[in-house]
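Student: Have a look at this one.
The values are calculated or read from the model by the stated rules, or taken from the named source; none is laboratory data. Being a predicted model, the structure only gives us computed values, none of them experimental. Virtual Cβ from ideal backbone geometry, glycine too; neighbours counted across all protein chains shown.
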Amino acid sequence: MDNPFGLLAELTYRCPLACPYCSNPINLAGYADELDTDEWRRVLVEARDLGVLQCHLSGGEPLLRRDLVEIVAQAHDLGLYTNLVTSAVGFSRPRAAHLRAAGLDHVQVSIQADEPALSDAIAGTPSYDRKIEAMRVVKELGWPLTVNVVLHRRNIDRVAEVLALAEQVGADRVELANTQYYGWASRNRAALLPSRAQLDAAEVVVRAARTRLRDRMDVSYVMPDYYSRYPKPCMGGWAARQLTVTPNGDVLPCPAAQSLPLPRASVRADSLARIWADAPVMTAFRGTDWMPEPCRSCDRRELDFGGCRCQAFQLTGDAARTDPVCHLSPDHGLVARAVEAANAGAAIDDAPLVPRPHR
Ligand code: SF4
Ligand code: FES
């Protein structure tokens, strides 16, 4: 067992946006009893003692936490690299200045599209102008800026314009993240999954942009795993290098694991070190002993770890099965049928999207 390298601190699931691709849990109300400032301080100390080097402050919208500056200051004082993952709603100049003084290292701002009307429609609230202004502030205050755009059927055709926007705001990195179908996104999968033709077109644009921008902006783009032959090595392996702490203090190997039928482990009841080492939620799929065939005898098992446990559970009802994305999985038909439907024509282009509630 290695030590975790990264902590995803999900400070709150409250959010002013209502994106239909949100990976937050369906049961948002179950996370209302949020850890207080002192509890987060303790989590950060325990994370540092466990070997964590990077702390991603996320949500929901972490700016809704009034104590965000104190939490950042604590992480910074402990020597952690801090990354704020934000919609930027609430990222005012004075707030930004306080976060800068507290030692925040990096800011990742999400935007839903390059066009104001489309971005606001996907976000479910007028937010485009504030995001652009926030990106300007990030650069002015001297932070490295990552622009994150979740791609799906409704915006992937505009990937060239999205890249132009990222260039225009001076992003150091743009993350074109194809939707992962967890939480709310899984409810909207049929309306969000792009077609093969859309993906092929986007890939041509991304390849050209990577060459053109190679000295100025890092362009990160990952194909949606539904279209891959092999699954993604999710989280670098279950409870191998990353851990997540949810707003109410549950500790998980990844944010989507809250949906799995595993016993809860909470920082309110135990130390992070004991949970990391021994809690069933961490040990259930660590390593390769749990693997069924075809993974057990596959020579890729140490490369992709059998894929994503949360996706296996969501699609088959059994987290211990091979990720159905893998073409060798006996359940691959579940993914193949979704892909077929996405390629069947334009009938789903206007399918209604279920917005995530603000809570
Ligand atoms: Fe990976 Fe399992 Fe598929 Fe082999 S069978 S490629 S280990 S998911
Ligand atoms: Fe949980 Fe992949 S998201 S293991």
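Student: Do you know which residues across the range 227-246 are in a loop (DSSP other than H, G, I, E, B) and of a type outside the set (Ser, Thr, Tyr)?
Tutor: 229, 231, 232, 233, 237, 238, 239, 240, 241, listed by residue number.
Student: Right, something else. Please pick out the residue among 281, 339, 267, 335 that is more than 16 Å from ligand 2 (Cβ to nearest atom) and surrounded by 20 or more Cβ atoms within 10 Å (Cβ to Cβ).
Tutor: 267
Every residue, every condition in (1) in contact with a helix residue (DSSP H, G or I) (Cβ under 8 Å, 6 or more places away or on another chain); (2) within 14 Å of ligand 2 (Cβ to nearest atom); (3) modelled with pLDDT under 95, yes or no:
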residue	(1), (2), (3)
205	yes, no, no
208	no, no, no
214	no, no, yes
217	yes, no, no
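Student: May I pose another question? Got a sec? Which of 212, 196, 229 is closer than 24 Å to residue 167 by Cα and surrounded by fewer than 18 Cβ atoms within 10 Å (Cβ to Cβ)?
Tutor: When all the criteria are applied, what remains is 212.
Student: Kindly indicate which of 200, 225 is away from ligand 1 (no atom under 16 Å from the Cβ) and of a type outside the set (Gly, Ala, Ser).
Tutor: 200
Student: Determine whether residue 55 is surrounded by 23 or more Cβ atoms within 10 Å (Cβ to Cβ) and modelled with pLDDT under 95.
Tutor: no
Student: Right, another one. Among the residues of the range 135-160 satisfying the criterion of being β-branched (Val, Ile, Thr) and in a helix (DSSP H, G or I), which is surrounded by the fewest Cβ atoms within 10 Å (Cβ to Cβ)?
Tutor: Going through the qualifying residues, I end up with 137.
Student: Another one. For the range 77-118, which residues satisfy the criterion of being closer than 22 Å to residue 151 by Cα and hydrophobic (A, V, I, L, M, F, W, C)?
Tutor: If the condition is that a residue be closer than 22 Å to residue 151 by Cα and hydrophobic (A, V, I, L, M, F, W, C), then 84, 85, 88, 89, 107, 109, 111, 113, 117, 118 are the ones that fit.
Student: A follow-up question, please. Could you grab me the full set of residues in the range 247-279 that are within 23 Å of the chain's Cα centre (by Cα) and in a helix (DSSP H, G or I)?
Tutor: 255, 256, 257, 258, 259, 272, 275, 276
Student: If I filter the range 225-238 for residues that are under 30 Å from residue 194 (Cα atoms), in contact (Cβ under 8 Å) with a residue 40 or more places away in the chain and away from ligand 2 (no atom under 15 Å from the Cβ), do I get at least one hit?
Tutor: yes
Student: Being closer than 26 Å to residue 23 by Cα and in a loop (DSSP other than H, G, I, E, B) is the filter; apply it to the range 291-310 and report the residue that is farthest from ligand 1 (Cβ to nearest atom).
Tutor: The residue in question is 308.
Student: Filter the range 308-332 for residues that are of a type in the set (A, V, I, L, M) and within 14 Å of ligand 2 (Cβ to nearest atom); which is surrounded by the fewest Cβ atoms within 10 Å (Cβ to Cβ)?
Tutor: 320
Student: Which of the residues belonging to the range 288-307 are within 14 Å of ligand 2 (Cβ to nearest atom) and either of a type in the set (Lys, Arg) or surrounded by fewer than 20 Cβ atoms within 10 Å (Cβ to Cβ) (or both)?
Tutor: 290, 291
Student: From the list 285, 313, pick out the single residue that is within 15 Å of ligand 1 (Cβ to nearest atom), assigned to a helix (DSSP H, G or I) and in contact (Cβ under 8 Å) with a residue 40 or more places away in the chain.
Tutor: Going through 285, 313 in turn, the sole match is 313.
Student: While we're on this one: For residues that are among the hydroxyl-bearing types (Ser, Thr, Tyr) and part of a strand (DSSP E or B), scanning just the range 82-102, find the one that is farthest from residue 71 (Cα to Cα).
Tutor: Across the range 82-102, the extreme among qualifying residues is 86.
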